[in-house]
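Read through the structure below, which is laid out as structure tokens, and then see the notes.
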Ligand code: AMP
Ligand code: ZN
């Protein structure tokens, strides 16, 4: 089977290949941990979880790094600008009366907790920027040695004018950008698009997070180097990702992922500062998720519409309901969150779980799978598993995958239970769980023998036309969290929640 992925580098759906057979080196830009993640952030991370699962379904082993930005991401005055303004962690620290280290630890832990809740496959390496300061400084050193850097009052910058391919990745019109900058450019910068690799701490301020700037990175004769005190500083956000990606995965990755907002600045800068040193592509594939809106509006602090996973749980939704909601939109389309849409996803998932529970009810005493395997209706469940992977192999087309599953399940809903090919059915459920991570098998336990006995008694009462007893038995059955759906072929139990 051919796996195609939309590659921002080429603007096309390219057939996927990896550098080493069956091994994918994948880097995902992680969150800045100065606050709780909102559902928009998770929209992307769920998309990249599907990517990992689809790679695995195509027999790849995935070696993956996700960073945690715990320093150096500044609020910026221009769109995508992370070089100026306040450090987001320092801002969080001020807000909460804590140190930046405490803020990073708290929201970093919350991020990991929600990775588990959402059933995301945990990357092998979750790398905190503050743990990779020497690697970042080493990259600055190499860039300085190659002549790509210059020093100004507030830090060491990358000179984008010395990297001729700078505008290529995002098809930037640098002249227009220069003219259209909303905030006047720092006059010491050589080009508007130049970015800080290493920022100096303000002279009059002790930052929670700062490191000594090695002397050899400072320009000879600069005022800074004359000072008796060491020059303290901290890394730029873009530098962090390049240094961690290359030190953990090598100079060329197979896939690099992030949000579409990363294309014009963050990823453009990652490419420039990495490729300037290595002369090799930083990654063969670049994938970007579109953004999620809420009620058709951009998520923003001022609108207070950046719901967290905890907010959804408080309103009675599960993390899997949210996952289902995300799967209903292709990752490259803009998403729109409304509680109506989330409820629709919740209903779809409840229906799917009830179908999954039918595997406990297929009575195989009369006909075994072999006898059923010539039956058209049952054979097609194997075809469904294949069709599902084919849809996902087409640039992770999750909406198409859901339609394929809906169609297969609609054939099961009124099927005679013992007509269902048990093995093909369970295999389909496993494929759904493996590729979409919906945990259908884990969240659909069998009922107790006592409840099963009550169901048999109710059937008996119904065949005796003893409706009173049958009604009472239904109520008893419902006490165990399931209800009965009567079909032409007999009762089927379903979960109440
Ligand atoms: P940040 O914590 O700001 O570094 O963002 C973490 C990730 O969330 C980045 O990859 C962003 O592209 C992504 N992101 C931010 N807002 C949204 C949104 N509304 N929808 C989808 N992704 C988003
Ligand atoms: Zn990044």
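The values are calculated or read from the model by the stated rules, or taken from the named source; none is laboratory data. Here the structure is a predicted model, which is why all the values come from computation and not from measurement. Cβ sites come from the backbone with ideal geometry, for glycine too, and all protein chains shown count toward neighbours.
Of the residues screened, residue 261 is not one that is part of a helix (DSSP H, G or I) and either touching a helix residue (DSSP H, G or I) at 6+ places or on another chain (Cβ under 8 Å) or more than 21 Å from residue 170 (Cβ to Cβ) (or both). Among the residues making up the range 61-72, those that are in a loop (DSSP other than H, G, I, E, B) and at pLDDT 90 or above are 70, 71. Annotation note: of 61, 99, 10, the sole residue that is more than 22 Å from residue 117 (Cβ to Cβ), surrounded by fewer than 18 Cβ atoms within 10 Å (Cβ to Cβ), away from ligand 2 (no atom under 16 Å from the Cβ) and in contact (Cβ under 8 Å) with a residue 60 or more places away in the chain is 99.
Matching residues to (1) assigned by TED's automatic domain parsing to the domain that holds residue 278; (2) under 25 Å from residue 69 (Cβ atoms); (3) not in a loop (DSSP other than H, G, I, E, B):
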position	(1), (2), (3)
127	yes, yes, yes
134	yes, yes, yes
141	yes, yes, yes
165	yes, no, no
172	yes, yes, no
176	yes, no, yes
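Scanning the range 391-406 for residues being within 15 Å of residue 333 (Cα to Cα) and touching a strand residue (DSSP E or B) at 6+ places or on another chain (Cβ under 8 Å) gives a total of 4. Being crowded, with 23+ Cβ neighbours inside 10 Å, away from ligand 2 (no atom under 16 Å from the Cβ), in the same structural domain as residue 211 (by TED's automatic domain parsing) and within 28 Å of residue 436 (Cα to Cα) is a condition met by at least one residue of the range 28-41. Going through (1) farther than 27 Å from residue 171 by Cβ; (2) buried (at least 22 other Cβ atoms within 10 Å of the Cβ); (3) modelled with pLDDT of 95 or more one by one, residue 24 falls short only on (1). Counting only residues that are under 17 Å from residue 60 (Cα atoms) and crowded, with 22+ Cβ neighbours inside 10 Å, which one in the range 245-256 is nearest to ligand 1 (Cβ to nearest atom)? The qualifying residue nearest to ligand 1 (Cβ to nearest atom) is 256.
In the range 457-472, which residue that is under 24 Å from residue 359 (Cβ atoms) and touching a strand residue (DSSP E or B) at 6+ places or on another chain (Cβ under 9 Å) is surrounded by the fewest Cβ atoms within 10 Å (Cβ to Cβ)?
459
Among helices (runs of 4 or more DSSP H) entirely within the range 265-351, having at least 1 residues that are within 17 Å of the chain's Cα centre (by Cα) and modelled with pLDDT of 95 or more singles out 309-314, 319-327. The selection criterion, being free of Cβ contacts under 8 Å to residues at least 60 places away in the same chain and within 15 Å of residue 494 (Cα to Cα), holds for residue 479. Among the residues of the range 259-316, just one is touching a strand residue (DSSP E or B) at 6+ places or on another chain (Cβ under 7 Å), without any contact (Cβ under 8 Å) to a residue 60 or more places away in the chain and within 12 Å of ligand 2 (Cβ to nearest atom), namely 282. Of the residues contained in the range 69-80, one or more are found to be surrounded by fewer than 20 Cβ atoms within 10 Å (Cβ to Cβ), under 30 Å from residue 329 (Cβ atoms) and within 16 Å of ligand 2 (Cβ to nearest atom). Kindly indicate whether residue 109 is surrounded by 15 or more Cβ atoms within 10 Å (Cβ to Cβ) and not in a loop (DSSP other than H, G, I, E, B). So residue 109 fails the test. For the range 94-104, does any single residue satisfy the condition of being under 25 Å from residue 197 (Cβ atoms), near ligand 1 (Cβ under 10 Å from one of its atoms) and either in contact with a strand residue (DSSP E or B) (Cβ under 8 Å, 6 or more places away or on another chain) or modelled with pLDDT under 95 (or both)? Taking every residue of the range 94-104 in turn, none turns out to be under 25 Å from residue 197 (Cβ atoms), near ligand 1 (Cβ under 10 Å from one of its atoms) and either in contact with a strand residue (DSSP E or B) (Cβ under 8 Å, 6 or more places away or on another chain) or modelled with pLDDT under 95 (or both).
Within the range 427-453, if we keep just the residues that are free of Cβ contacts under 8 Å to residues at least 24 places away in the same chain and more than 28 Å from residue 118 (Cα to Cα), the residue that is surrounded by the fewest Cβ atoms within 10 Å (Cβ to Cβ) turns out to be 449.
Being more than 27 Å from residue 338 (Cβ to Cβ) and either touching a strand residue (DSSP E or B) at 6+ places or on another chain (Cβ under 6 Å) or within 16 Å of ligand 2 (Cβ to nearest atom) (or both): is that true of residue 83 here? The answer is yes for residue 83. Looking at the range 436-449, can you tell me whether even one residue there is within 37 Å of the chain's Cα centre (by Cα), under 30 Å from residue 329 (Cα atoms), modelled with pLDDT of 90 or more and assigned to a helix (DSSP H, G or I)? Yes; the residues of the range 436-449 include at least one that is within 37 Å of the chain's Cα centre (by Cα), under 30 Å from residue 329 (Cα atoms), modelled with pLDDT of 90 or more and assigned to a helix (DSSP H, G or I).
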